[in-house]
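This report concerns only the one structure given below.
Readers should treat all values here as calculations from the given coordinates under stated rules, not as data from a laboratory. Predicted model, so just to flag it, every value in this text is computed and none were measured. FYI the Cβ positions are ideal-geometry reconstructions off the backbone, even for glycines, and counts take in every protein chain you see.
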Amino acid sequence: MKIEWLESYKLGVPEVDDLRQKLFVLTNEFLASDDLMVLRPVIVALYKQARAQFELEEALMQRANYPDLPAHAEQHRQLLDQLMSRSMDVGKGHMNKPAIAALMKHWASQHVPHEDAAVAAFLAG
């Protein structure tokens, strides 16, 4: 199942929006393959892309004095920790594609349209 990028997911900051959209592309690459040789580098790329996006997003929230930054950053940390753990599992030869797929789908269907939308509304206000 593919996750869909919606224009409503934009924060209004092109650099962040581009990184976020690339994370959707990588997630869809991951979801589309069952080839371990394809999935291994995609998982690493997912982690790196998410980390870069989250760092930029959190710096933006900090500059804007976003009041829910600690909770939002904690959600980012949890996602990164889970991606790192799954990536390490793959490095050991254990592919748990359903767990990674569920993690990224949850991020796309819950965090982006709810938590990130709150950030966008704060920045716009």
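What's the FRET efficiency of PHE122 with MET88 using the Cβ-Cβ distance as r and R₀ = 30 Å, to the nearest 0.05? The value I calculate is 0.30. For the chain, the dipole from Cβ point charges (+1 on Lys and Arg, -1 on Asp and Glu) about the Cα centre works out to 360 debye, to the nearest 20. Taken over the Cα atoms of the range 1-45, the convex hull encloses 55 Å³ per residue.
Give me the log10 of I(q) over I(0) for the range 43-125 at q = 0.14, 0.20 Å⁻¹, as the Debye formula computes it from C-alpha points; what are the numbers? Log10 I(q)/I(0), no solvent term: -0.50, -0.90. Which of the trypsin sites (Lys or Arg not before Pro) found in the range 83-125 are in a DSSP loop and have at most 14 neighbouring Cβ atoms, other than their own, within 10 Å? In loop regions of the range 83-125 (DSSP not H, G, I, E or B), the sparsely surrounded trypsin sites (Lys or Arg not before Pro) are LYS92. Screening the chain for whole DSSP H helices with an alpha carbon extent of at least 15 angstrom along the helix axis and a mean Kyte-Doolittle hydropathy of at least 0.0 yields 36-63.
Taking LEU103, LEU19, LEU31 in turn, the Gaussian network model of the chain (Cα-Cα springs below 10 Å) assigns the largest fluctuation to LEU103.
Extension gain for GLN62-GLN21 works out to 12.6 nm (0.36 nm per residue, less the C-alpha to C-alpha distance). If you take all other residues with their beta carbon under 12 Å from the beta carbon of TYR47, and give Lys and Arg +1 and Asp and Glu -1, the sum is +3. Summing +1 for each Lys or Arg and -1 for each Asp or Glu among the other residues whose beta-carbon sits under 14 angstrom from that of ASP89 gives +3. Here the range 79-123 is scanned for amide nitrogen atoms under 11 Å from the site 7 Å beyond the Cα of LEU36 along Cα-to-Cβ, giving 90-96.
Summary value for the chain: 34 percent relative contact order, contacts being C-alpha pairs under 8 angstrom separated by 6+ residues.
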